[in-house]
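The values are calculated or read from the model by the stated rules, or taken from the named source; none is laboratory data. Since the structure is predicted, the reported quantities are computational estimates derived from the model, not experimental observations.
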Amino acid sequence: MIRSGRASALRELSSQDLLANGGIEMRQWFVMLGALGNRAPDQLVYEPFYRGVMGMAVGYWNLEASRQEPLAATRR
């Protein structure tokens, strides 16, 4: 969902869903995704770490490229 720019669909997950699937750290991603909105990341990588029974993810959003004109410049 994050990769395709549909982060708002993650709102359907409950706290129980996250606890049952080991996604407690996803809460931090939710905060970030709330600020970014439904923008698809330029890069998103997940690497499972089986020995540690966990994984690591990294995402990159080029916000400069998607920045809109300042609000003051659009008012005339």
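Odds and ends about this structure:
- Restricting attention to region 1-30, the residues that are assigned to a helix (DSSP H, G or I), more than 14 Å from Gly59 (Cα to Cα) and of a type in the set (A, V, I, L, M) total 5.
- Selected residue (only one of Ile2, Ile24 is at pLDDT 80 or above and of a type outside the set (Ser, Thr, Tyr)): Ile2
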